[in-house]
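Trainee: Pasting a structure here, questions to come.
The values are calculated or read from the model by the stated rules, or taken from the named source; none is laboratory data. As the structure is a computational prediction, the values presented were derived from the model and not from experiment. Quick reminder, even Gly has a Cβ in these numbers, built from the backbone with ideal geometry, and neighbours come from all protein chains shown. Ligands, DNA and RNA are stripped out before the accessible areas are found, and what is left, the full protein with its side chains, is counted by its heavy atoms. Shrake-Rupley method; radii C 1.70, N 1.55, O 1.52, S 1.80 Å.
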Amino acid sequence: MWTRKGRLLGLPLTWCPSTLRGKGGDGLFKGRSNKSGLKVNEALLETAAKGQEVRVQGWVRSVRAQKEITFLNINDGSSLQNLQIVARSDLNIRGITFGSAVEIWGKLVQSPHKKQRTELLADKIRLVGACNPVNLPFKIKERHSLEYIRQFPHLRCKTNVFSSLLRIRSEASTAIHSFFKNNGFVHIHAPIITSNDCEGAGELFQIEPASRTAEKHENTHFFDVPSFLTVSGQLHLEVMTGAFTQVYTFGPTFRAENSQTRRHLAEFYMVEAELAFTESLKDIMEVMENLFKITTSHILSNCSDDVELFHKYIAPGQKERMEQMLKNSFQVLSYTEAIDILQRSTEIFKFEPKWGCDLQTEHENYLVQHCGNIPVFVVNYPYDIKPFYARDNQDHPQHTVAAVDLLVPGIGELCGGSLREERLDLLQSRLKELGLKDTYHWYEELRQFGSVPHGGFGLGFERYLQCILGVENIKDVIPFPRFSHSCLL
């Protein structure tokens, strides 16, 4: 009889592989184990044990047949570089073509060729998944543009450029989490479904069950209140600053913008951070700059081949631009100074720069160029163009708020942040003025129970990738882009 001691929900608390075995030792889990497999990036290391018997799995990138031997190049997504397989003529490689999935056993040896350290002398090759290269939209000796491969979201991970992008994206995510962890931030999982419109823009995706939508229920909601896909996790982070001094979140956000430009997505990822006990925009700006520089340096060190692919073939000159950004301190302009620079410019803008109006992309790009193509912080925006939570500077007659945008070369706005209004009387006045007092009653309550001065920012993850890689279209830096009139897969 089972006893409660040492057990949880009827299962052993201690991992014991024998408990998963059935009669004859077959076990409950059928199929092949990948335990003894070697990744391509591991095989290519200088320290890889030569003479070792290994197994590799991956996809064929090229086949070159000679009289006595056949050379295969294999990639498994772990590296931009391929592993060369040397196959004897007596091995069965029939049906193996460009794009085929294979499993290969053999011995790692020092390669006689200067361009590669290691190759694999094959003893056995198994065709796992066949591929007809005639029907595959990517051809072995052609270099396909980002626009072309974008047509095939289900296949573009097979290309060099997009597999590089995905490795960089993965490494960037790791670097961002590491940055915040190393600096004492607590990771908060902000909800994706919310009843708040943080940006106040009204460009929201409303959530209702499909059955209710079909039946056209009136005046009823699944959550009893209108609910939406989140546009930002900021307000939920602000809740957490009532108990944690530094918090962040990193997840998907959504905007129902009817736009198909190269700058817009309906679903994208945001990195957002909030700091308690801060009364200065400089504290927020310092975190922004350090996050950008430390994350970018990590990517350049750990994804050098992948980044070089973009800097060489997609955006020549981007490497030098990145070096400029990393070695120089970011510039700082007030909004008023920025407007003055724009108005004194001889540039002809589509949108006239006027004090009290938001900066357009053309204005942002000009300001970055004016500052020597170094990222620039623009601070202290007009009170009327920023959301209700931005802290009032009380600097009449201009009347600004303690808000900041980080502008970067080629992109424009990358980060946006502010100090938050912690003074209850001013916050109540602002909410009443905007007709939001009832909606944000809970937000007012945050200021009544141990509130502290605080502030934070959000960084667009896809725009960040565009910035460091020099990619013009935001749809080319996300695995499955969603935008108006397009939701493939």
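Trainee: Identify the residue in the range 183-199 that is open to solvent by 60 Å² or more (accessible area, probe 1.4 Å) and more than 19 Å from the chain's Cα centre (by Cα) and, among all such residues, is modelled with the lowest pLDDT.
Mentor: Only one residue fits best here, namely GLU199.
Trainee: Something else: Looking at this structure, is ILE385 over 29 Å from THR278 (Cβ atoms), in the same structural domain as ARG420 (by the TED database), open to solvent by 20 Å² or more (accessible area, probe 1.4 Å) and not hydroxyl-bearing (Ser, Thr, Tyr)?
Mentor: no
Trainee: Against the conditions (1) at pLDDT below 90; (2) of a type in the set (Gly, Ala, Ser); (3) more than 38 Å from the chain's Cα centre (by Cα), where does ALA87 fall short? Just the number, please.
Mentor: (1)
Trainee: So which residues in the range 266-303 are within 24 Å of PHE244 (Cα to Cα) and hydroxyl-bearing (Ser, Thr, Tyr), if there are any at all?
Mentor: TYR269, THR278, SER280, THR295
Trainee: Oh, and also: Six or more apart or on different chains, Cβ atoms under 6 Å: show the pairs whose first residue is in the range 86-114 and under 9 Å from LEU127 (Cα atoms) and whose second is among the charged types (D, E, K, R).
Mentor: GLU103/ARG126
Residues checked against (1) of a type in the set (Lys, Arg); (2) closer than 18 Å to VAL471 by Cβ; (3) at pLDDT below 95:
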site	(1), (2), (3)
THR245	no, no, no
ASN258	no, no, yes
LYS282	yes, no, no
THR296	no, yes, no
LEU300	no, yes, no
CYS303	no, yes, no
GLU337	no, no, no
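Trainee: Anything in the range 127-144 that is within 27 Å of ASP90 (Cβ to Cβ) and either among the charged types (D, E, K, R) or buried (at least 17 other Cβ atoms within 10 Å of the Cβ) (or both)? List them, or say none.
Mentor: Residues satisfying the conditions are LEU127, CYS131.
Trainee: While we're looking at this one, here's another question. Just to confirm my filter: which helices (runs of 4 or more DSSP H) fall fully inside the range 419-485 and include at least 3 residues that are over 32 Å from the mean Cα position of the chain (by Cα)?
Mentor: Of the helices (runs of 4 or more DSSP H) lying wholly inside the range 419-485, those with at least 3 residues that are over 32 Å from the mean Cα position of the chain (by Cα) span 424-434, 441-446.
Trainee: I'd like the full set of residues that are part of a helix (DSSP H, G or I) and at pLDDT below 90, limited to the range 17-45.
Mentor: Those that are part of a helix (DSSP H, G or I) and at pLDDT below 90: PRO17, SER18, THR19, LEU20, LYS23, GLY24, GLY25.
Trainee: I'd like the full set of residues that are hydrophobic (A, V, I, L, M, F, W, C) and not in a strand (DSSP E or B), limited to the range 67-103.
Mentor: LEU80, LEU91, ILE93, ILE96, PHE98 - these are the residues of the range 67-103 that are hydrophobic (A, V, I, L, M, F, W, C) and not in a strand (DSSP E or B).
Trainee: Failed condition for LEU488, given (1) open to solvent by 40 Å² or more (accessible area, probe 1.4 Å); (2) within 19 Å of PHE254 (Cβ to Cβ); (3) in a helix (DSSP H, G or I), with all others met?
Mentor: (3)
Trainee: Would you mention how many residues in the range 298-322 are farther than 17 Å from ARG167 by Cβ and among the polar types (S, T, N, Q)?
Mentor: Matching residues across the range 298-322 total 1.
Trainee: Return the residues of the range 46-66 that are among the charged types (D, E, K, R) and either open to solvent by 50 Å² or more (accessible area, probe 1.4 Å) or assigned to a loop (DSSP other than H, G, I, E, B) (or both); say none if nothing qualifies.
Mentor: Scanning the range 46-66 gives GLU46, LYS50, GLU53, ARG64.
Trainee: As an exercise: evaluate GLU433 against (1) free of Cβ contacts under 8 Å to residues at least 24 places away in the same chain; (2) farther than 17 Å from GLN234 by Cα; (3) in contact with a helix residue (DSSP H, G or I) (Cβ under 9 Å, 6 or more places away or on another chain) and give the number of the one condition it does not meet.
Mentor: Only one criterion in (1) free of Cβ contacts under 8 Å to residues at least 24 places away in the same chain; (2) farther than 17 Å from GLN234 by Cα; (3) in contact with a helix residue (DSSP H, G or I) (Cβ under 9 Å, 6 or more places away or on another chain) is unmet by GLU433, namely (3).
Trainee: Has the range 268-277 got any residue that is under 22 Å from LEU407 (Cα atoms) and surrounded by fewer than 16 Cβ atoms within 10 Å (Cβ to Cβ)?
Mentor: no
Trainee: Further question on the same structure: Could you check the range 364-382 and list, in sequence order, the residues that are open to solvent by 40 Å² or more (accessible area, probe 1.4 Å), part of a helix (DSSP H, G or I) and in contact with a strand residue (DSSP E or B) (Cβ under 6 Å, 6 or more places away or on another chain)?
Mentor: ASN365
Okay, residues lined up against (1) open to solvent by less than 20 Å² (accessible area, probe 1.4 Å); (2) within 33 Å of the chain's Cα centre (by Cα); (3) assigned by the TED database to the domain that holds GLN52; (4) of a type in the set (A, V, I, L, M):
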position	(1), (2), (3), (4)
ASN75	yes, yes, yes, no
ARG94	no, no, yes, no
THR97	no, no, yes, no
HIS113	no, no, yes, no
ILE125	no, no, yes, yes
